[in-house]
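Note sheet for the following structure.
What follows is calculated from the coordinates using simple rules that are stated; it is not laboratory data. Given the structure is predicted, the values throughout are model-derived calculations rather than measurements. Cβ coordinates were reconstructed from backbone atoms using ideal geometry, including for glycine residues, and neighbour counts include every protein chain displayed.
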Amino acid sequence: MTWDYVVVGAGSAGCVLAARLTEDPSVSVLLLEAGDRDTAREIGVPAAFSKLFKTRHDWDYTTEPEAGCDDRAMYWPRGKVLGGSSSINAMIYIRGARADYDAWRDAGCEGWGFDDVLPYFTRSEDNARGPDAFHGTGGPLRVEDQRSPSPLSADYLDACAQAGLPHNDDFNGATQEGVGYYQVTQRKGVRASTASAFLGPARKRPNLEVRTFAQATRVVVEGGRAVGVEVDLGGRREVFRAAREVALCGGAINTPQLLLLSGIGPADELRALGIDVVVDAPNVGRGLQDHLATVAAYDANAPITYFDADKSIKTIARYVLQKKGPFSSNIAEAGGFVRTRSDLPGPDLQLLFAPAMFVEHGQVDAPGHGFSLGPYLLTPQSRGSITLRSKDPLAKPVVRANYLSEPADLDVLVEGLKLTLDIASRAPLRQHSGGRYLPPAGADDDAALRAHVRAHSETIYHPTSTAAMGASDDAVCDPQLRVRGIAGLRVADASVLPDVPRGNTNAPVIMVAEKAADLLRAVPAPPRQRTGSAAPDRTRA
């Protein structure tokens, strides 16, 4: 049971990497996914993404009590299904700022500057607007304008203009700053996950095997080289071997967890749990970054939002027949990027607007018609960690985000909240307001706004940097994505990013996987051995 490559995690990165590697018919790939196939109806319907939270398609993580957020243990959804979080996210297509990638390059990650990675973004892309200097067509990932955004989103953008924010038609173009509508990873009103866009077309290839319900429990290391992966198959353990390399694509939580379970991490912590140390790598699981969002919510004075859209036969029929209307919405339809100081190298806040009252991840029923808007922090200074709870590979790890542990993060979010309230007070939005739901009416001074940020902020689902690449010897991975101290082992997912990019992380993770495929293909093949399954591709449950 040997393949050329074993890829762990069929998420935003793993589906891309497996699809690209198997374009070479001489290469065999095994793709392992702990979750199920992506057949749930809610996956395809854009507006239904929060219906997938806390289901079997969600890892359903919870942080430790966060001191900076009133000691709240905070919910972190992550996709546990083919396509990973690209199957349960809000589909916003954002690459980040030029300054993000140039900073990685300048810190020693050669080959990761903006001009270096732009071809990988465009290679993936099939943008409905057509090709230009910043966009591609013909790639697997469909990127489209929203089909029928709410008129409320247009009023939000008018309110932003009155607040002095410039319009931007393309956040992935020459400049990121300004406000506008988000482009989304959809194809004709249906979600385009990496499972549907990349893996789907590749499934007929005889050199690709996909196994679902297969949770990796450790990387098998022999003589300093990763030679395979041990997998839990419903209580039975089996080892799948890699003749060339093992690639970890589990994401910012699962990848460091697997490295630690494999004896790759801080030696003292591993020994304390009874895990044999393979490589003393102190930074595995360290450096966790995430975008923290805060929200302002308003009651609407008329039935003009997406409240109760799922109870309207007309709305349902419009989506079924035309793939338009509220069900085609990604909910966070409009927003943009702003700087709180002119001397910053790029935006430090992203703005979001939803023509619905989206509070606590949509897990709390809205009291009625309303709308939500708010900022999230793009450049957090606070750092957290992923550590093991025990040596049991099926136990959830310990997640500590350490939100707002750096005072500057709170300061920036308060400035973003002030801007949000200013936008909401402008006539185009004020005309729709039936009163402020959050923060409570009258809670407008700095002390009240700081208290609101601590009490009501939540993740916006972008954890990164827990197995970060870097030029220094203490970085977990080198700029070729190779895990230091172990041959034949790479990381290609959000955990390897040196810093969280300015924006949504799905597109950057896809870019990393595209580049990882080229890095792997550049390594000469070893002497040919009998490898892999020669049977037609199948997804096993």
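In this label model, residue 137 and residue 239 are separated by 5.1 nm, measuring between points 7 Å along each Cα→Cβ vector. Helix 506-521 sits at what angle to the longest principal axis of the chain, using alpha carbons and giving 0 to 90 degrees rounded to 10? Compared with the principal axis, the helix lies near 20 degrees. Around the amide H of residue 384, modelled in the peptide plane, lie the amide H atoms of 287, 288, 289, all under 5 Å away and 5 or more residues distant in sequence or on another chain.
I need the Debye-formula profile for the range 1-153: one equal scatterer per C-alpha, no solvent, reported as log10 I(q)/I(0) at q = 0.08, 0.21 1/Å, two decimals. Values returned for q = 0.08, 0.21 Å⁻¹ are -0.33, -1.31.
Measuring nothing but how far apart in sequence close Cα pairs (under 8 Å, 6+ apart) lie, relative to its length, the chain scores a relative contact order of 24 percent. A full extension of the chain between residue 162 and residue 406 corresponds to an added length of 84.6 nm, given 0.36 nm per residue minus the alpha carbon distance. Counting every other Cβ atom within 10 Å of each residue's Cβ, 150, 433 order from fewest to most as 433, 150.
Averaging 1/r over each pair of different alpha-carbon atoms in the range 248-401 and inverting the result gives 19.1 Å, the Kirkwood hydrodynamic radius.
The distance separating the Cα centre of the range 122-154 from that of the range 484-500 comes to 29 Å. Computed 3J(HN,Hα) for the range 498-505, one whole-Hz value per residue from the Karplus formula 6.51 cos²θ - 1.76 cosθ + 1.60 where θ = phi - 60°, is x, 8, 5, x, 7, x, 5, 9, glycine and proline marked x. Which entry is the computed mean projected area of the Cα convex hull in nm² for this structure: [x] 37.1; [y] 27.2; [z] 23.4? Identified label for the calculated read-out: [z]. Each Lys and Arg adds +1 at its Cβ and each Asp and Glu adds -1 at its Cβ; summed about the Cα centre, the chain shows a dipole of about 2140 debye.
Converting phi to 3J(HN,Hα) with the Karplus coefficients 6.51, -1.76 and 1.60 and the offset θ = phi - 60°, the range 455-468 yields 7, 10, 6, 9, 4, 10, 6, 10, x, 8, 6, 8, 9, 5 Hz in sequence order, with x at every glycine or proline.
Of 330, 428, 465, which is farthest on the positive side of the dipole of the chain, counting Cα position, with +1 on Lys and Arg Cβ, -1 on Asp and Glu Cβ, and the Cα centre as origin? About the Cα centre, the residue reaching furthest to the positive side is 330. The mean of 1/r over all distinct Cα pairs in the range 287-353, once inverted, gives the Kirkwood hydrodynamic radius of 15.3 Å.
For residue 214, the amide hydrogen comes within under 5 Å of the amide hydrogens of 33, 34, 35, counting only partners 5 or more places away or on other chains and with H modelled in the peptide plane.
On the beta carbon distance between residue 445 and residue 154, with R0 = 30 Å, the FRET formula returns roughly 0.40.
Based on C-alpha pairs under 8 angstrom that are at least 6 apart in sequence, the range 1-160 has a relative contact order of 14 percent. Ranked for footprinting exposure by Cβ neighbours inside 10 Å, fewest first, 386, 486 give 486, 386. Counting only alpha carbon atoms, the long axis of helix 114-124 and the longest principal axis of the chain meet at about 90°. In this structure, the amide hydrogen of residue 434, modeled 1.01 Å from its nitrogen in the peptide plane, lies closer than 5 angstrom to those of 299, 300, 301, counting only residues at least 5 positions away or on a different chain. Evaluating 6.51 cos²θ - 1.76 cosθ + 1.60 at θ = phi - 60° for every residue in the range 91-106, the Karplus couplings come out as 6, 6, 9, 9, 8, x, 8, 3, 4, 4, 6, 5, 5, 4, 4, 5 Hz, glycine and proline recorded as x. Between helix 313-322 and the chain, what is the angle of the helix's C-alpha long axis to the longest principal axis, kept within 0 to 90° and rounded to the nearest 10? Tilt of helix 313-322: around 50 degrees. Counted over the chain, the DSSP beta bridges are approximately 65% antiparallel. Extension gain, residue 339-residue 321: 0.36 nm per intervening residue step, less the Cα-Cα distance, totals 2.3 nm.
Between the range 279-352 and the range 231-262, the C-alpha centres lie 32 angstrom from each other. Residues of the range 24-59 with backbone nitrogen within less than 19 Å of a virtual label 7 Å along the Cα-to-Cβ line of residue 396, please, listed as ranges. Under 19 Å, as judged by backbone N against the label point of residue 396, lie 34-36, 50-59 of the range 24-59. Other residues whose C-beta falls under 11 angstrom from the C-beta of residue 8 contribute a net charge of 0, scoring Lys and Arg +1 and Asp and Glu -1. Between residue 73 and residue 310, what is the label-point separation in nm under the 7 Å Cα-to-beta-carbon projection? Distance between the two pseudo-spin positions: 2.6 nm. Between residue 271 and residue 302, the FRET efficiency from the beta-carbon distance, with R0 = 51 Å, is close to 0.20. Each Lys and Arg contributes +1 and each Asp and Glu -1, all at the Cβ; summed about the Cα centre of the range 1-117, the dipole is approximately 560 debye. What is the distance in Å between the Cα centroid of the range 15-68 and that of the range 373-432? The range 15-68 and the range 373-432 have Cα centres separated by 23 Å.
Based on the Kirkwood radius over alpha-carbon pairs, what value in µm²/s does the Stokes-Einstein equation return for the translational diffusion coefficient of the range 131-199 at 37 °C and 0.692 mPa s? After rounding, the answer is 239 µm²/s.
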